[in-house]
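Right, one structure below, let's go through it.
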Amino acid sequence: MNPERHGASPVGGALLFASLLLLLVVGCQKRRDGDSTPASNPCTACHGSSAREGSMLEQAAPPVDLLGRTETRFRGVGAHQLHLAGGATHGKVACGECHVVPTRVDSPGHADGVHPASVVFGELARTGGSSPTYDTTSLTCAGSYCHGGAVPVWNEPRSSSAACGSCHGLPPAPPHPQAQNCEQCHGEVIAKDRSFLRPDLHVNGKLELKMSCNSCHGSAGSNAPPVDLAGNNERSSVGVGAHQAHLGGGAFSRALECGECHQVPANVSDPGHLDDTPGAEVIFSGVALAEGSLAVWDRSSSTCASAWCHGPRQPASTASPKWTYENGPLGCTSCHGNPPAPPHPQMSDCAFCHGAVVAADNATIKNRALHVNGQVDVQMPTACNACHGSSGSPAPPKDLAGNTSFTERGVGAHQAHLSVASWRRTIECGDCHVVPVNVLDTGHLDTALPAEVAFSALVSTGGGGPPNFNGVTCDNTWCHGGRTYEGNAFGGSLPLPPWVGKPSLNCGSCHGLPPDSGAHLLFPNEPCGTCHAWMGGTTGWDFVNPALHMNGKVD
């Protein structure tokens, strides 16, 4: 005790201390309050109360202080009982966590120093490398594990337990997850309503943690949000967004793995998992980077860019959908065209080449594992008549859309040209189209329908300008007249026959019978075979060598 604080002189105080020491040694000291009953706890002779429940040390803590005071506003009383007795938010704090507890009343540093009692922090206050200090002027603790970032005033203890958030953030600052559902990870300590189930496990020098991936994000059925780290469960929140749409796959896609967009930690404390930057990092791998794609996540717009998943075979024909689901459910054309842009074949019969993936209705994905898997699963036919034509001919019918009627442009007069005739040479596919060597040759499948018409040199014979096909009929072609030869007109009743509808043609359709120019005018009634050796026979009008008719020159 401090003799000066008891109103005694230094000399008198020394005598008083000696007398007190003697009384303690012989065990006949009197209670400070005049009680003649001997104290059951020698420590309470100077401070505390032996009438209080608890251990001897718990009884020894003020109130009462060395001056007999009991109000918490006095330094000697303060928050002793709030610490020693524990409360609704924390367990009991031992005397030795703030003072050196003597083994005897005359132990060095106990009753022989200058009061108030020295504060010497113990192991709890120094947990985690903390460096606690006690300011004897402001009566505050700072830097202790027990109070975190708070600086409580010793002689202003709260009348009730401190509220959550007094000592640490609610939630604590990053790298702590920014969620407020404490019970998810600290369920052994605190309840959902933030009442403490086990106060003795709070502020006990160690982190009571029982958690799995879905303790911080996700749910009982999944590690992926909802809920996110902030407790959101709406898809409009970036932390939630389309997580479940990706992890489940839906009707169109395989189920993605978490590791395709995030670095999945082996342990919760792994570097890069819980750090100072809010929001999980998006680190693409696997399918998103297929075929050299350079996938990028933009949090501000909530979109991915250049990811193979939403735009196979870059450049993508469509933009990636909003992560926050603002585009709604996705369909076939959400990630690629139907059909995809050239050089993809311009056919919408998906099952024809992707039969292992898509059903015959060209809409239902029958094998989700093969869709959005980083590669195009294709069974490309190599025979010409696999896409158009029939078992007897590569030329329509049927056309690329499956039509078989002559009134359809894709069918039209293909067979009228390609079939063998007794009155003309055999017309080749190459007379009107560039015939590919391989199915994927440039110019074959890489442009929109209908197929390009590219006339051969034979069709272009003569004058009158280049031949062309306007979608309805041909013009300036050798085959159907409509041109001149050596300055002479062919004539003819139908030199520009329509491509569709199977028109009826005869000898006078493409040129006059005889032609109405040149020498023909001198011999209007002579059989054709008189001058054209490929005709003749018994009548002079028969085709004896049809290969020389419509061959690009006049024989």
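If we scan the range 159-176, do we find a residue that is of a type in the set (Ser, Thr, Tyr) and in contact with a helix residue (DSSP H, G or I) (Cβ under 9 Å, 6 or more places away or on another chain)? Yes. Looking at the range 438-461, can you tell me whether even one residue there is exposed (fewer than 13 other Cβ atoms within 10 Å of the Cβ), of a type in the set (Ser, Thr, Tyr) and in a loop (DSSP other than H, G, I, E, B)? Checked against the condition, which is being exposed (fewer than 13 other Cβ atoms within 10 Å of the Cβ), of a type in the set (Ser, Thr, Tyr) and in a loop (DSSP other than H, G, I, E, B), the range 438-461 yields at least one hit. Considered as a group, the residues in the range 227-241 that are under 28 Å from residue 333 (Cβ atoms) and either crowded, with 19+ Cβ neighbours inside 10 Å or among the basic types (Lys, Arg) (or both) include one that is farthest from the chain's Cα centre (by Cα), and that residue is 235. On the basis of being under 29 Å from residue 230 (Cα atoms), outside any loop (DSSP other than H, G, I, E, B), under 39 Å from the mean Cα position of the chain (by Cα) and in the same structural domain as residue 43 (by TED's automatic domain parsing), does residue 148 make the cut? No; evaluated as a whole, the condition is false for this residue.
Within the range 180-199, the residues that satisfy the criterion of being over 13 Å from residue 163 (Cβ atoms) and touching a residue at least 40 places away in the same chain (Cβ under 8 Å) are 180, 181, 199.
The conditions are (1) over 37 Å from the mean Cα position of the chain (by Cα); (2) surrounded by 15 or more Cβ atoms within 10 Å (Cβ to Cβ); (3) not assigned by TED's automatic domain parsing to the domain that holds residue 73, and residue 98 fails exactly one of them. Which is it? Only one criterion is unmet by residue 98, namely (3). Considering only the range 517-534, I want to know if a residue exists there that is outside any loop (DSSP other than H, G, I, E, B) and closer than 27 Å to residue 414 by Cα. No, the range 517-534 contains no residue that is outside any loop (DSSP other than H, G, I, E, B) and closer than 27 Å to residue 414 by Cα.
Select from the range 299-358 the residues that are surrounded by 18 or more Cβ atoms within 10 Å (Cβ to Cβ) and in contact with a strand residue (DSSP E or B) (Cβ under 7 Å, 6 or more places away or on another chain) and list them in ascending order. Scanning the range 299-358 gives 304, 306, 310, 320, 323, 350, 357, 358. From the residues in the range 445-475 that are aliphatic (A, V, I, L, M) and in contact with a Phe, Trp or Tyr (Cβ under 7 Å, 6 or more places away or on another chain), which one is farthest from residue 400 (Cα to Cα)? Here the answer is 458. Cβ separations smaller than 6 Å between residues 6+ apart or across chains give the following pairs from the range 444-455 residues that are touching a residue at least 12 places away in the same chain (Cβ under 8 Å) to residues that are outside any loop (DSSP other than H, G, I, E, B): 453/469.
The values are calculated or read from the model by the stated rules, or taken from the named source; none is laboratory data. Keep in mind the model is a prediction, meaning the values are calculated, not measured. Ideal geometry is used to build each Cβ from the backbone, glycine not excepted, and the neighbour counts take in all protein chains shown.
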